[in-house]
Ligand SMILES: Cc1cc2nc3c(=O)[nH]c(=O)nc-3n(C[C@H](O)[C@H](O)[C@H](O)COP(=O)(O)OP(=O)(O)OC[C@H]3O[C@@H](n4cnc5c(N)ncnc54)[C@H](O)[C@@H]3O)c2cc1C
């Protein structure tokens, strides 16, 4: 029986990939490849029909050669991966070895005679529709497009070996704190309107009080280097879908808004009443963040 593969190093993402796989399946078996035990267990009860658990080795990259070898034998019709930097690199290596194409940052996918995808280009200003002609179809899927399938019957989990460590991690050190933006229900986003690095503390207090996480715009991470690059939100960073997004001194350029537009409630604080963020926002506060935030924190008892 032919197969569609869902490959991810993240437990949440693998469930989303399985939902995508189900959406394009024409009777193919859905096979999940998880690099974590949690992901394998979740996949086995949320729509996968067979699960490979690949927990050997220090990094998911160690599995690329094994996945290529397995793909050459099983000949899946499609391989779907997550959209992290790591997943994109792994997907590119797998696609090159299988001599097939790869659509990255795919936002929509349909299957007719072939596979047709949509993705944002030019920083989110245009949508490009592409048709994949080579086999297997390969895509990295933007996050938070689909919900996980409901819990159902339990698929077998097969623990396999064969990781090849071309490079071994000796030590991991974080030089700045990182956020779990994809899973957060509340995200407080720091924009360039925040004047000094130490003032990020205001956003941290608000996020803590609301049980959320702090993210930022791209220049705050890339130009100012105040937060890690993995914490910036937008078309070229994290796509988020929290219940509440609060932008603080964020102008709301299209490249940023592309990453937040599926948030349930968007709240913006900006001193410029013409800032484009107010077009995307459900609630807007026009004013100086250095007056609004302290008042808000006091009112919340934070
Ligand atoms: C190809 C490409 C991809 C990109 N991808 C991304 C992406 O993924 N994510 C992303 O974020 N950006 C991205 N960008 C950059 C994007 O175009 C914007 O430059 C960026 O989002 C602006 O960040 P900002 O809102 O923090 O800063 P600014 O645009 O400078 O806005 C700062 C805001 O703060 C307000 N402000 C200033 N002081 C105060 C105050 N005291 N109180 C209240 N408000 C105040 C100002 O009125 C202003 O609206 C990309 C750009 C390109 C070209």
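Read the figures in this text as sums done on the coordinates, not as results from a lab. It should be emphasised that the depicted structure is a prediction, and the values quoted were computed from it without experimental measurement. Cβ coordinates were reconstructed from backbone atoms using ideal geometry, including for glycine residues, and neighbour counts include every protein chain displayed.
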Chain lengthening between residue 230 and residue 113 when straightened (0.36 nm per residue, less Cα-Cα)
38.4 nm
For the ranges 76-82, 178-184, what's the packing order if you count other beta-carbon atoms within 10 Å of each residue, average per peptide, and put the highest first?
76-82, 178-184
Okay, helix-only estimate at 222 nm for the chain: each DSSP H run of n ≥ 4 adds -39500 (n - 2.57), divide by all residues, round to 500 deg cm²/dmol; what do you get?
-8000 deg cm²/dmol
Suppose a student asked you for the relative contact order of the stretch 190-288, using Cα pairs under 8 Å spaced at least 6 residues apart; what percent would you report?
22
In a solvent-free Debye calculation with one equal scatterer on each Cα, what is log10 I(q)/I(0) for the stretch 150-302 at q = 0.13 Å⁻¹, listed in the order of the q values?
-0.61
FRET efficiency (residue 133, residue 286; Cβ distance; R0 41 Å; to 0.05) is 0.20
Quick calc, residue 297 & residue 168: beta-carbon distance into FRET formula, R0 51 Å, rounding 0.05, result 0.70
Highest first, please rank the peptides 287-293, 122-128 by the mean number of other Cβ atoms sitting within 10 Å of their residues.
287-293, 122-128
Most mobile listed residue (228, 145, 172) in the chain, GNM with C-alpha springs under 10 Å
172
How do the peptides 110-121, 51-62 rank, highest first, by the average count of neighbouring beta carbon atoms within 10 Å per residue?
51-62, 110-121
Short to long, in 20 Å steps from zero, the percent of alpha-carbon pairs of the chain per bin is 32, 52, 16, 0
So how far, in whole Å, is the C-alpha centre of the stretch 216-231 from the one of the stretch 250-267?
16
Classify the stretch 1-72 as rounded, prolate or oblate, taking a ≥ b ≥ c as the square roots of the eigenvalues of its Cα gyration tensor: rounded when a/c is under 1.5, otherwise prolate if a/b is larger than b/c and oblate if not.
oblate
Give the separation of the Cα centroids, the stretch 106-165 to the stretch 188-213, in Å.
33
Can you tell me the FRET efficiency between residue 97 and residue 151 if r is taken as the Cβ-Cβ distance and R0 is 30 Å, rounded to the nearest 0.05?
0.30
